[in-house]
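Trainee: Please read through the structure below; I'll follow up with questions.
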Amino acid sequence: MAADTASQFALPVLVQLPASPWHLLGLHLYNSPTATPRERLLTIWRQMGPTVAARMARIVPAFSVGGTLNRRLREAWT
């Protein structure tokens, strides 16, 4: 039970580390189609910290807390 709860809290948050650069790359490709690869890399690097922090903060209530609470309530009611 402790491992389930720990993984349900940690994994949605930690997956933002590899997902955020891809998200930023897609946004930059769409918004700046003529940018050079160096410009893309610099933009992604500058935006990484705030983006990851915001995405992690958004994920915690919905998936970590909500998912764990939902699972425990379903187990208690069945």
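Any read-out appearing in this document is the output of simple, stated calculations on the displayed coordinates, not a laboratory observation. What you are looking at is a predicted structure, and each value in this text was computed from that prediction instead of being measured.
Trainee: So I have (i) 16.6, 49; (ii) 17.0, 56; (iii) 16.7, 54, and one of them is Rg and Dmax of the Cα atoms in Å calculated from this model. Which one is it?
Mentor: (ii)
Trainee: Given 0.36 nm per residue, what is the gain on full extension from E39 to R71 after removing their alpha carbon distance, in nm?
Mentor: Numbers: separation 32, 0.36 × 32 = 11.52 nm, distance 4.40 nm.
Length difference between fully extended and current span is 7.1 nm.
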